Amino acid sequence: MKSIKHALRLLAPLALLWAAVAGAGVAQRGGTDAAAQAVAGTIDIHVHSDPDDRPRSIDAIDVAKLARARGMRGIVLKNHYDPTAGLAYIVRKEVPDLEVFGGIDLNLTVGGMNPAAVEHMAKVSGGWGRFVWMSTFDAENQVRYSNENRPFVRVARNGELLPEVKEVIALIAKYGLVLATGHVSPEEALLLFREGQRQGVQRMVVTHAMTAPVLMDIPQMQEATKLGAFIEFVGGSLAGGDAASRIDGFAEAIRKVGPEFCILSSDLGQRGNALPPDGFGAFLLALRAKGFTQQEIDRMSKQNPARLLGLP
């Protein structure tokens, strides 16, 4: 009897986790369950939407309306190939009472590591362009990881940042923008943060630190936080067979890095996955089921992203 009770105690946290993961499917169908309610007051810094050149589940105005309906505080619109500062301006007019931001992803479509494009983005009407993501799909690290033979955007050579990268970082500091690492390697990310610290950048974040092709290890995350960066963990789809193991890995890393240095986001908007606010809620519940307190979840989904964006 004792052994049965012991086994039930061990299984209880796993059952809670799988209940949260299953909630993603309910939320995707438009339910107003706990997963959908969990995002009230949060800021999701990683939302994909139409218009885009790949299938998305929802457009920018509709995802903002859904976020507002869920009681969220704000979202950041991310596009790999088009700057989204102007889109954020338009969405704010259509969906008031929601903080909407955009940015620029330094892939080949904007000229790669292009200081002129960054400065233009920072000056777009409203000033809602806040993020500068280093290259993602066109990053050297991504292209090599994917074993592709095509042009890429380089940030460093022989362990030294390129001059144009330092110029971009200077603009990030000048305009109070967010330096986000995109899909560069962990070693390159740390180079960026050291230069960012040297130039006075106040807001830095490792983009989905544990997701391929970034795959930053915990000592590297800890070093990044010492340089002043937040560590982003993205929920993505919780419908896959690897969801439980991913949440386990995230939980271990967050505990070792410290919730005070971490930001949770969705990285959703792909067609077929949960809509960003609902999938984000399922992600928060899955981490709650791993033993994080509501205060810790709030720190990672409300206070820390607000600090990153320069909000009160």
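When you count the other C-beta atoms within 10 angstrom of each residue and take the mean per peptide, 168-174, 293-299 line up highest first as 168-174, 293-299. Structural descriptor for the chain: relative contact order 23 percent, calculated from alpha carbon pairs under 8 angstrom and at least 6 residues apart. Our coupling estimate for the stretch 263-271, obtained by passing each phi through the Karplus curve with A = 6.51, B = -1.76, C = 1.60 and θ = phi - 60°, is 10, 9, 8, 9, 6, 10, x, 6, 4 Hz, Gly and Pro reported as x. Using C-alpha pairs under 8 Å with a sequence gap of at least 6, the mean separation divided by the residue count of the stretch 190-312 gives a relative contact order of 24 percent. For the stretch 165-275, the calculated P(r), taken from all Cα-Cα distances in 5 Å bins from zero up to the bin holding the longest distance, is 2, 12, 22, 22, 18, 12, 7, 4, 1 percent.
Annotation for Ala239 and Gln202: the two label points, set 7 Å from Cα along the Cα-Cβ direction, are 4.1 nm apart. Please give the FRET efficiency for Leu108 paired with Lys226, using the beta carbon to beta carbon distance and R0 = 45 Å, rounded to the nearest 0.05. In this case the efficiency is close to 0.90. Quick one: length gained pulling Ala69 to Glu187 fully straight, 0.36 nm per residue minus the C-alpha distance? Length difference between fully extended and current span is 38.5 nm.
The helix-based estimate of mean residue ellipticity at 222 nm for the chain, built from -39,500 (n - 2.57) per DSSP H run of four or more residues and divided by its residue count, is -13500 deg cm²/dmol to the nearest 500.
Judged by the mean number of other Cβ atoms found within 10 Å, the most tightly packed of the peptides 140-153, 56-69 leads the ranking 56-69, 140-153.
Enter the accessible area per residue of the chain (Å², integer; probe 1.4 Å; all protein chains in place). Don't skip to the answer; put the middle values down first.
Numbers: 13070 Å² over 312 residues.
Solvent-accessible surface per residue comes out at 42 Å².
Between the stretch 223-250 and the stretch 130-185, the C-alpha centres lie 21 angstrom from each other. The accessible surface of the chain, taken with every protein chain in place and a 1.4 Å probe, is 53 percent carbon and sulfur. Helices that extend 24 Å or more along their long axis by alpha-carbon positions and average at least -0.5 on the Kyte-Doolittle scale are, among the DSSP H runs of the chain, 2-28.
Computed packing ranks the peptides 191-204, 272-285, 236-249 as 272-285, 191-204, 236-249, most packed first, by mean other Cβ atoms within 10 Å.
The values are calculated or read from the model by the stated rules, or taken from the named source; none is laboratory data. Remember, it's a predicted structure, so these values are computed and weren't measured experimentally. Every residue, glycine as well, gets a Cβ built from its backbone with ideal geometry; the counts of neighbours run over all protein chains shown. Just so you know, the surface numbers come from the protein's heavy atoms only, side chains and all, with ligands and any DNA or RNA stripped out. Shrake-Rupley method; radii C 1.70, N 1.55, O 1.52, S 1.80 Å.
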